[in-house]
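The next block holds one structure in the form of structure tokens; read it before the comments.
The values are calculated or read from the model by the stated rules, or taken from the named source; none is laboratory data. Treat the numbers as computed from the prediction; the structure is a model and nothing was measured. Glycine also receives a Cβ, built like all others from the backbone with ideal geometry; neighbour counts cover every protein chain displayed.
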Amino acid sequence: MTMTGSDRIVFGMPGRYATALYDLAVEREIVDEVQADLERFAALVAGTDDLKRLVRSPRWTAEQKGKALAALLNRAAIDGVAGTFLKVVTSNRRLFAISDMIEAFERLVAYHRGDVIAEVTFAEVPKEAHVAAVEEALREVAAKNVKVAVKIDPSIIGGLVVKLGSRMVDTSLRTKLNALRHAMKEAQ
């Protein structure tokens with residue numbers, strides 16, 4: 001399956017890697033399996049500071065990163081196409097871009113399923129119930145199946161910033177405080 005219609009949703013080096021992985025997963029009819037493995041890996045990285053450093057730092061060689069990654073993948077039972085993909089990315093010294101690759105893969109999967117991905121920024125890690133409530137509200141607005149990509153940005157203080165396609169709604173406390181500050185200056 002070629003990706004001619006989806007070039008506009010993934011681009012650059014992460015897009016090329018994600019497209020190659022997606023094409024292979026479609027060919028072998030294992031898209032859901034690969035997606036689940038990548039999500040597990042992304043969760044491991046997000047939850048471990050040492051793993052974040054390993055992924056991002058150029059300090060370690062590809063061989064050192066490969067050994068550490070192989071042990072992690074073995075422990076997490078991430079194998080098959082996703083495991084091989086992660087090992088190839090590591091040996092090609094592209095592990096620093098793995099989160100962008102996973103995000104691009106998710107976009108490809110969503111695009112071909114007819115889903116929409118909404119980027120929702122929270123000030124702190126939300127509870128699953130909150131994410132589900134936001135997802136449901138966005139599903140009603142978009143009239144499509146919506147997947148929420150959670151981003152964390154403590155600088156928004158509270159509230160949400162929601163990006164859905166070309167639309168953005170910023171209900172963050174930071175924005176409201178800035179508007180209040182601006183209104184107070186104009187009132188003087």
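Values as computed for the structure displayed
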read-out: Any hit, segment 100-114, residues being more than 25 Å from residue 147 (Cβ to Cβ), in the same structural domain as residue 12 (by TED's automatic domain parsing), part of a helix (DSSP H, G or I) and not aliphatic (A, V, I, L, M); value: no
read-out: Candidate set: segment 156-188, residues that are among the hydroxyl-bearing types (Ser, Thr, Tyr) and free of Cβ contacts under 8 Å to residues at least 24 places away in the same chain; chosen: the one surrounded by the fewest Cβ atoms within 10 Å (Cβ to Cβ); value: 166
read-out: Leading residue by the ranking (farthest from residue 170 (Cα to Cα)) among those in segment 121-146 that are in a helix (DSSP H, G or I) and of a type in the set (Gly, Ala, Ser); value: 129
read-out: Selection count where residues are of a type in the set (A, V, I, L, M), within 16 Å of residue 66 (Cβ to Cβ) and in contact with a Leu (Cβ under 7 Å, 6 or more places away or on another chain), scope segment 79-97; value: 3
read-out: Residues of segment 105-119 classified as out of contact with any Leu (no Cβ under 6 Å at 6 or more places or on another chain) and farther than 17 Å from residue 32 by Cβ, total; value: 2
read-out: Residue match in segment 58-78 (condition: touching a residue at least 40 places away in the same chain (Cβ under 8 Å) and in a helix (DSSP H, G or I)); value: no
read-out: Cross-chain or 6+ apart pairs with Cβ under 6 Å, segment 117-146 first and closer than 24 Å to residue 157 by Cβ, then in a helix (DSSP H, G or I); value: 118/138; 120/134; 123/154; 123/156
